[in-house]
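Chemist: Quick one: this structure, given as structure tokens, is what I'll be asking you about.
The values are calculated or read from the model by the stated rules, or taken from the named source; none is laboratory data. Note that the structure is a prediction, hence the values are computed from the model and not measured. Glycine also receives a Cβ, built like all others from the backbone with ideal geometry; neighbour counts cover every protein chain displayed.
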Amino acid sequence: MRVIDLRSDTVTRPTSEMRRAMAEAQVGDDVLGDDPTVKELERAAAARVGKEAALYVPSGTMANLLALLLACGRGEQAVVGSESHILHHEALGAPALGGIHLAVVPNDERGRLLPDPLEAALRAGPALVCLENTHNRCGGAAVSLSHTREVAGRAHAAGSAVHVDGARLFNAALALETDAAALVADADTASFCFSKGLGAPIGSVLCGPGELIGRARGLRRQLGGGMRQAGVIAAGALYALEHHIERLAEDHQNARLLARGLARVPGIRIDPDAVESNLVFFEVDGPDPRAFRAALSEAGVLASGTAPHRVRMATHLGVSASDVEEALLRTRRAVESLPAAVAR
Ligand SMILES: *Cc1c(COP(=O)(O)O)cnc(C)c1O
């Protein structure tokens, strides 16, 4: 039985074309500024999001950490959403390594920052305000251009810089039918991942003004993120940037197909209309949600979750429409295999 892995869009393997690009990459020592492929990737990434410069880093976590370290001195504050990746999934690097206080503002269910608490937080004079787009824990919601503008306007008026954690920025741009550059035009810095829906094996990028990114390069070195012949992996990222953005539409279609199918399974609660990108969240009725996850993985479908009752499935380039159909059959079987109290 072929396992259908819907845990995350990070589980993709490089395609053979991508592997060829990586094998044939021109490389040099990037810490010495000698790697032409990394330089090309950084130029192309910055251009894609309309920023002056970019820095290739090992992970989205490091890109966000650099944005926080650049904007905030020790003892200063950064505003983050209550459901943000920075708050929940980055091992609290900014407080631990930068002495930065994370001032938490509630997210609404679509990943926006609530206006009144934001206003209150801004009165404390934070050095940075962070947004996330698409918003992972808020259902993969695409955060609108108007919300980004509104938040950036208020933040800048209060003297704070703005960072957009755009791990899945191109998914957001697709969902909103706009371009990625427009979505981060009002932000000082923006990051995005090559290792999520774009399907590259490693790496993310921090984009922003040239002077700032120059300083980020020094900070990356401090964090141990200076990479030598990084062109080998940068070539995969460059390939992804050039060939895998358009195909995200397929992932979004498959996510909608998945959501509509799940809505027909008794015992599963989901609003298919809330699925805007490649992430599908749903809840399972019953006293023991772990039994569902166990039955699901037994049936050959892997999913993840942010709470016991809350299951997440992600579509990506390793998942076809027929995989989705098969995953739905297996999910239905898994629910039916549960004790009656759970399946109802
Ligand atoms: C995945 C992700 C990141 C970065 O994750 P890494 O695993 O460190 O690359 C940052 N923000 C969001 C919203 C993410 O989903």
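Chemist: Looking at region 1-88, what helices (runs of 4 or more DSSP H) fall wholly within it and have at least 3 residues that are among the charged types (D, E, K, R)?
Modeler: Values: elements: 16-23, 36-48, 60-71, 85-88.
So the answer is 16-23, 36-48.
Chemist: Considering only region 245-303, state which residues are hydrophobic (A, V, I, L, M, F, W, C), in a loop (DSSP other than H, G, I, E, B) and more than 24 Å from Pro339 (Cα to Cα).
Modeler: So the first thing to find is which residues in region 245-303 are hydrophobic (A, V, I, L, M, F, W, C), and the list is 245, 248-249, 255, 257-259, 262-263, 265, 268, 270, 274-275, 279-282, 284, 291-292, 294-296, 299, 301-303.
Pick out the ones that are also in a loop (DSSP other than H, G, I, E, B) and you get 245, 265, 270, 275, 299, 303.
Of everything in region 245-303, those that are hydrophobic (A, V, I, L, M, F, W, C), in a loop (DSSP other than H, G, I, E, B) and more than 24 Å from Pro339 (Cα to Cα) turn out to be Ile245, Val275.
Chemist: Scan region 264-277 and give yes if some residue there is over 14 Å from Thr331 (Cβ atoms), surrounded by fewer than 21 Cβ atoms within 10 Å (Cβ to Cβ), under 19 Å from the mean Cα position of the chain (by Cα) and not small (Gly, Ala, Ser), otherwise no. Before you say what the answer is, go through the steps one by one.
Modeler: Here is the first cut: in region 264-277, the ones over 14 Å from Thr331 (Cβ atoms) are 271-277.
The next check asks that each one be surrounded by fewer than 21 Cβ atoms within 10 Å (Cβ to Cβ); those that pass are 271-274.
Add one more test, that the residue is under 19 Å from the mean Cα position of the chain (by Cα), and what stays is 274.
Those left that are additionally not small (Gly, Ala, Ser): none.
No, there is no match, as no residue in region 264-277 is over 14 Å from Thr331 (Cβ atoms), surrounded by fewer than 21 Cβ atoms within 10 Å (Cβ to Cβ), under 19 Å from the mean Cα position of the chain (by Cα) and not small (Gly, Ala, Ser).
Chemist: Yes or no: region 180-192 includes at least one residue that is part of a helix (DSSP H, G or I), away from the ligand (no atom under 16 Å from the Cβ) and aliphatic (A, V, I, L, M).
Modeler: Here is the first cut: in region 180-192, the ones part of a helix (DSSP H, G or I) are 180-184.
Then keep just the ones that are away from the ligand (no atom under 16 Å from the Cβ); that gives 181-182.
Right, trim to aliphatic (A, V, I, L, M) and you get 181-182.
Checking region 180-192: at least one residue is part of a helix (DSSP H, G or I), away from the ligand (no atom under 16 Å from the Cβ) and aliphatic (A, V, I, L, M).
A quick yes/no check of all residues on (1) at pLDDT 95 or above; (2) among the aromatic types (Phe, Trp, Tyr); (3) under 21 Å from His135 (Cα atoms):
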{"residue": "Gln222", "(1), (2), (3)": "yes, no, no"}
{"residue": "Leu238", "(1), (2), (3)": "yes, no, no"}
{"residue": "Glu250", "(1), (2), (3)": "yes, no, yes"}
{"residue": "Leu258", "(1), (2), (3)": "yes, no, yes"}
{"residue": "Ala294", "(1), (2), (3)": "no, no, no"}
{"residue": "Ser297", "(1), (2), (3)": "no, no, no"}
{"residue": "Ala307", "(1), (2), (3)": "no, no, yes"}
{"residue": "His316", "(1), (2), (3)": "yes, no, yes"}
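Chemist: Which condition does Asp186 not pass, out of (1) surrounded by fewer than 22 Cβ atoms within 10 Å (Cβ to Cβ); (2) touching a residue at least 60 places away in the same chain (Cβ under 8 Å), if it passes all the others?
Modeler: Single failed check for Asp186: (2).
Chemist: Taking Pro126 as the residue in question, decide whether it is away from the ligand (no atom under 11 Å from the Cβ), within 19 Å of Ser191 (Cβ to Cβ) and part of a loop (DSSP other than H, G, I, E, B). Give the steps one after another, and end with the answer.
Modeler: On the way: away from the ligand (no atom under 11 Å from the Cβ): yes; within 19 Å of Ser191 (Cβ to Cβ): yes; part of a loop (DSSP other than H, G, I, E, B): yes.
The answer is yes for Pro126.
Chemist: Checking Gly159 against (1) crowded, with 17+ Cβ neighbours inside 10 Å; (2) at positive phi; (3) of a type outside the set (D, E, K, R): exactly one of these is not met. Which one?
Modeler: Unmet for Gly159, out of (1) crowded, with 17+ Cβ neighbours inside 10 Å; (2) at positive phi; (3) of a type outside the set (D, E, K, R): (1).
Chemist: If I go through region 304-320 residue by residue, how many of them are part of a loop (DSSP other than H, G, I, E, B) and in contact (Cβ under 8 Å) with a residue 40 or more places away in the chain? Spell out the reasoning first.
Modeler: Step one: of region 304-320, the residues part of a loop (DSSP other than H, G, I, E, B) are 308-309, 315-320.
Next, only the ones that are in contact (Cβ under 8 Å) with a residue 40 or more places away in the chain stay: 315-320.
Summing the residues that are part of a loop (DSSP other than H, G, I, E, B) and in contact (Cβ under 8 Å) with a residue 40 or more places away in the chain in region 304-320 gives 6.
Chemist: So, one more: Do we have Leu328 as within 14 Å of Val11 (Cβ to Cβ) and crowded, with 16+ Cβ neighbours inside 10 Å here? Don't jump to the end; show me each part of the working.
Modeler: On the way: within 14 Å of Val11 (Cβ to Cβ): no; crowded, with 16+ Cβ neighbours inside 10 Å: yes.
For Leu328, the condition - within 14 Å of Val11 (Cβ to Cβ) and crowded, with 16+ Cβ neighbours inside 10 Å - is not met.
Chemist: Let me ask another. Mind telling me which of the residues Ala255, Ala230 ends up being more than 26 Å from Ala94 (Cα to Cα), out of contact with any His (no Cβ under 8 Å at 6 or more places or on another chain) and within 16 Å of the ligand (Cβ to nearest atom)? Steps first, answer last, please.
Modeler: Details: Ala230 fails: more than 26 Å from Ala94 (Cα to Cα).
Ala255 is the lone residue from the list that is more than 26 Å from Ala94 (Cα to Cα), out of contact with any His (no Cβ under 8 Å at 6 or more places or on another chain) and within 16 Å of the ligand (Cβ to nearest atom).
Chemist: Would you say Phe170 is crowded, with 24+ Cβ neighbours inside 10 Å and either under 15 Å from Ser277 (Cβ atoms) or free of Cβ contacts under 8 Å to residues at least 12 places away in the same chain (or both)? Full working, then the answer.
Modeler: Numbers: crowded, with 24+ Cβ neighbours inside 10 Å: yes; either under 15 Å from Ser277 (Cβ atoms) or free of Cβ contacts under 8 Å to residues at least 12 places away in the same chain (or both): yes.
Here the answer is yes, as Phe170 does meet what is asked.
Chemist: Restricting the search to region 89-118, which residues are within 14 Å of the ligand (Cβ to nearest atom) and in a loop (DSSP other than H, G, I, E, B)?
Modeler: From region 89-118, those within 14 Å of the ligand (Cβ to nearest atom) are 89-94, 107, 111; that's our starting set.
Correct list: His89, Glu90, Ala91, Leu92, Gly111.
Chemist: If I ask for residues that are under 17 Å from Glu211 (Cβ atoms) and within 15 Å of the ligand (Cβ to nearest atom), which ones from region 50-65 would you list?
Modeler: Leu55
Chemist: Could you list, in sequence order, the residues of region 129-155 that are part of a loop (DSSP other than H, G, I, E, B) and not aliphatic (A, V, I, L, M)? Can you show your working first?
Modeler: We begin by selecting, within region 129-155, every residue part of a loop (DSSP other than H, G, I, E, B); these are 133-134, 136-140, 142-144.
Of everything in region 129-155, those that are part of a loop (DSSP other than H, G, I, E, B) and not aliphatic (A, V, I, L, M) turn out to be Asn133, Thr134, Asn136, Arg137, Cys138, Gly139, Gly140, Ser144.
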